[in-house]
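In what follows, a structure is listed as structure tokens, so that the remarks can point back to it.
The values are calculated or read from the model by the stated rules, or taken from the named source; none is laboratory data. Given the structure is predicted, the values throughout are model-derived calculations rather than measurements. Here the Cβ positions follow ideal geometry from the backbone for every residue, glycine too, while neighbour counts run over all protein chains shown.
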Amino acid sequence: MERNIKLFEEFQQALLEVNRIKAAEIFDEYYNINQSFEELEQLTMKALEVIGDGWEEGQLSLSQVYMSGVICEGLIEKYLPDHLVTNGAELKIAIGVLQDHHSLGKRIVYSILSSSGYHLIDFGQGLSVDEIVEKTINENIDILLISTLMLPSALKVKQVVEMIKKKGSPAKVIVGGAPFRLDKELWRRVNADADGKNGIEVQKIIKRFSEGGKQS
């Protein structure tokens, strides 16, 4: 545990210094210790959240936030799980970032699901409530994955759910992102169907929905 904490601090510093080589070395060591892709996801997202907070507080530059995301995206691709899904491929699944423009979380989930045999429609990022609802209806989406970075964006999910239901869409809504990791019950309060804390968990939820189950 202490080693993990130290590696997290070193990884965050390497990102801020835009030291790709050092970041990659730490990433490899972290994986060798934990042997878990989910742990890598947590390391990556936590580091980016801390760096994002530093930018919002005026302590870090936007370029540091951007380059940190670029480095993490390259590192995470090396460890994407390589296994196939045998069912659920017929589902129409879409993914998008509601209001926010920080898309790393979406990219990770997209890559994991794609490598697992799912075909996703990428709605993009910076989407308004009306835009994501319109796209969901027009594409006849079965499962909608919504990523958010900030709490105000997460709270808008409730409007999305209400509007797609009002328009008669049966789409299941799975949410993810920092606000939902910080508040374990937030997904329920915005009337989402499930909370996907990381790409692997989202994959499991989709499989469960395709088999008629639901998140409790």
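Some values worked out for this structure:
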| read-out | value |
| --- | --- |
| Every pair of residues 6+ apart whose Cβ atoms lie under 6 Å, when the first sits in the stretch 124-136 and is aliphatic (A, V, I, L, M) while the second is part of a loop (DSSP other than H, G, I, E, B) | VAL129/LYS156 |
| Only one of PRO152, PRO179 that is touching a strand residue (DSSP E or B) at 6+ places or on another chain (Cβ under 7 Å), farther than 19 Å from LYS92 by Cβ and not in a loop (DSSP other than H, G, I, E, B) | PRO179 |
| Residue among LYS197, LYS165 that is of a type in the set (Lys, Arg) and part of a helix (DSSP H, G or I) | LYS165 |
| Residue list for the stretch 35-47, filter: closer than 18 Å to LEU113 by Cα and free of Cβ contacts under 8 Å to residues at least 40 places away in the same chain | SER36, GLU39, LEU40 |
| Matching entry among GLU41, GLU77 (being among the acidic types (Asp, Glu), surrounded by 17 or more Cβ atoms within 10 Å (Cβ to Cβ) and under 20 Å from LYS197 (Cα atoms)) | GLU41 |
| Some residue of the stretch 200-207 being buried (at least 20 other Cβ atoms within 10 Å of the Cβ) and modelled with pLDDT of 95 or more | no |
| Pairs where the first residue, in the stretch 5-16, is in the same structural domain as GLU41 (by TED's automatic domain parsing) and the second is surrounded by fewer than 18 Cβ atoms within 10 Å (Cβ to Cβ) and outside any helix (DSSP H, G or I), C-beta under 9 Å, 6+ apart | GLN13/ASN19; LEU16/LEU60 |
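Listed here are the residues, each with its yes/no results for (1) touching a residue at least 12 places away in the same chain (Cβ under 8 Å); (2) polar (S, T, N, Q); (3) in contact with a strand residue (DSSP E or B) (Cβ under 7 Å, 6 or more places away or on another chain).
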{"site": "ASN19", "(1), (2), (3)": "no, yes, no"}
{"site": "GLU49", "(1), (2), (3)": "yes, no, no"}
{"site": "GLY52", "(1), (2), (3)": "yes, no, no"}
{"site": "GLU56", "(1), (2), (3)": "no, no, no"}
{"site": "CYS72", "(1), (2), (3)": "yes, no, no"}
{"site": "ARG107", "(1), (2), (3)": "yes, no, no"}
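For every residue, the table says whether it meets (1) outside the structural domain of ARG189 (by TED's automatic domain parsing); (2) part of a helix (DSSP H, G or I); (3) out of contact with any His (no Cβ under 8 Å at 6 or more places or on another chain); (4) loosely packed, with under 15 Cβ neighbours inside 10 Å.
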{"site": "LYS106", "(1), (2), (3), (4)": "no, yes, yes, no"}
{"site": "GLY117", "(1), (2), (3), (4)": "no, no, yes, yes"}
{"site": "GLN125", "(1), (2), (3), (4)": "no, no, no, no"}
{"site": "THR136", "(1), (2), (3), (4)": "no, yes, yes, no"}
{"site": "ASN140", "(1), (2), (3), (4)": "no, no, yes, yes"}
{"site": "LEU145", "(1), (2), (3), (4)": "no, no, yes, no"}
{"site": "VAL161", "(1), (2), (3), (4)": "no, yes, yes, no"}
